[in-house]
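To keep things clear, I will list the structure first and then write my remarks on it.
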Amino acid sequence: MNLTIERMVYGPDGLAHTSDGKTVFVAGGVAGDVVEAQITREEKSYARAQATAILEPSPLRVDAPCPYIGVCGGCPWGALSISAQRAAKSENLASALERTGKLTPSEVASIVQPLRHAKAAWGYRNKVELSPTEINGKFALGMHGRDAAQIIRVDRCPLFEKKFPRAVKSVAGALAYMGNSRDLALERVGIRASSRTGQLQVALWTPTGGFPRAQVARVLGDALAPSSVVRVMSKGDAAARRVSALEVLSGNPTWEEHISGERMRISAPSFFQVNTAAAELLIELVMEALNPREDELACDLYCGAGTFTIPLARRAAFVSAVEAYGPSVRDLRRNIDLAGLDNVDVIGGDAVREFPDQDIDVLVVDPPRAGLAPEAIDLIAQTAARDVAYVSCDPATFARDIKRFHDEGTFRLVSATPVDLFPQTFHCETVGHLTRTR
């Protein structure tokens, strides 16, 4: 069938309708394209389709520097102009707040702020990951395709830090050379790079057990001279894999980045935003929303390695920082020491079970994609906090939690600012500012 893609939804696909009004999610096209499409899945209320030909290209379609768009899963919106991407992300946030958050159109219009973004639309990622596969009977490394079960071998990633254009090819080539002579048992390979510090780290994720440490360090050192090569050992079944140890094969045990005037050292298992320049916008928006005073107590839930904890501690009297993931807790302690701060209480554990019992004036939450547990919302509502900054990576769970706050009656959303941390994808961060109503 022929379809006109009307707009981009929250996901890699465009939205179209059949002649009888049925919704179709179309892979392989962008908003404004007229495509020939093949149905791949039919449901009662919607269908999924794959574009097999572009009959009339959209005026919003662009030539991108990545030849793997539509095949690799890393930049599904790469053929759409950056201005159209950003407009779609703002629209998706507004739509979620209306449909799931149950806000009125006029409320949404006053709450959703203009999208913020850093300068770079390509070459912004400080981290990429490679996964093992076998091609023509030989070991290889590549990136997950649009079909997550498929691994695509690539020589470079235009999304990755521009200062290290050969890093992906060098790492994949060096480990393929070794992997074809012996089993390295690689589960995945992470590459982190910073143009600000010049550091490049290669992290090899493997099960526990024997490993050719010296040989791997030497081969990778010859291939690209990284500042660090580490091995992250894990154990447990696939559904509950956990880090058991970190082994330094060469160089530094951590990767260093500079963000908002601070130095942060991150270990390979720890989370850190992949777009450093845009993450600085998150910090700016959080601090604007909370405006912490020097006599106030702050709380940072799901604080990770300290991206928000440290700037909060620079301005507030005291910060309670709660994080459940062990490697991030260790990084957080290290980064607090590196910053020379002594007004942070690091609390290792689940955000609900370890919720601080002291008074809180301002609070920031940066939960995982699943959003906040209802118990966390109840605990936040019971504090004396005057303002909450909610950093979200998913507009649907953000809107759901905003509705829960509104239904609880203690906080209301006064602004929601989308931040384009992930150009060329449908993903977008949001910083919501909630203020106390009673």
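Each value in this text was obtained by applying a stated rule to the coordinates, not by laboratory testing. Predicted model only: the values in this text are computed from it and were never measured. Using ideal geometry, Cβ is built from the backbone for each residue, glycine included, and neighbour counts are taken over all protein chains shown.
Brief remarks on what is shown
- Residues considered: 356, 292, 67. Largest GNM mean-square fluctuation over the chain, using C-alpha springs under 10 Å, is found at 67.
- Long-range HN-HN contacts of residue 385 with modeled amide H, under 5 Å: 360
- The chain, relative contact order [Cα under 8 Å, separation at least 6], %: 13
- Set of aspartates and glutamates with alpha-carbon distance to residue 138 below 18 Å, sequence-local pairs under 8 removed: 155, 183, 187
- Dividing the helix sum by the residues of the chain, where each DSSP H run of 4 or more adds -39500 (n - 2.57), gives a mean residue ellipticity at 222 nm of -7500 deg cm²/dmol.
- Prolate/oblate/rounded call for segment 1-104, Cα gyration tensor, a/c under 1.5 rounded: oblate
- Whole-number percent relative contact order across segment 127-258, with pairs defined as alpha carbons under 8 Å at least 6 apart: 20
- Proximal aspartates and glutamates relative to residue 22, as straight alpha-carbon distance under 20 Å, when same-chain residues fewer than 8 apart are discounted: 6, 13, 33, 36, 42, 43
- Annotation: the residues 402, 135, sorted from fewest to most other C-beta atoms within 10 Å of their own C-beta, follow the order 135, 402.
- Loop-located trypsin sites (Lys or Arg not before Pro) in segment 332-395 (DSSP state not H, G, I, E or B) with no more than 12 neighbouring Cβ atoms inside 10 Å: 353, 369.
- The chain - share of DSSP beta bridges that are antiparallel (%, nearest 5): 65
- Tensor-based shape of the chain (alpha-carbon gyration tensor, a/c under 1.5 rounded, otherwise prolate or oblate): oblate
- A simple charge model with +1 on the Cβ of Lys and Arg, -1 on the Cβ of Asp and Glu and nothing else charged puts the dipole of the chain at about 1300 debye relative to its Cα centre.
- Taking amide H positions as modeled 1.01 Å from N, with prolines and chain starts lacking one, the residues under 5 Å from residue 411 and 5 or more places away or on another chain are 437.
- Counting only lysines at least 8 places from residue 403 when in the same chain, those with an alpha carbon closer than 19 Å to its own are 102.
- If R0 is 45 Å, the Cβ-Cβ spacing of residue 241 and residue 52 corresponds to a FRET efficiency of close to 0.75.
- Note on segment 26-136: dipole from Cβ charges, positive end direction compared against 135, 53, 66; the farthest Cα belongs to 66.
- Cα-based shape type of segment 127-258, given that a ≥ b ≥ c are square roots of the gyration tensor eigenvalues and the cut on a/c is 1.5: rounded
- Going by neighbour counts of Cβ atoms within 10 Å, the residues 360, 152 line up, fewest first, as 152, 360.
- Working note: Karplus 6.51/-1.76/1.60 with θ = phi - 60° gives segment 128-133 the couplings 9, 10, 10, 10, x, 7 Hz, where Gly and Pro are set to x.
- For segment 359-401, averaging the sequence separation of C-alpha pairs within contact (under 8 Å, six or more residues apart) and dividing by the residue count gives a relative contact order of 57 percent.
- Residues 394, 20, sorted so that the one with the fewest Cβ neighbours within 10 Å comes first: 20, 394
- Taking the DSSP beta bridges with both ends in segment 127-258, the antiparallel portion is around 80 percent.
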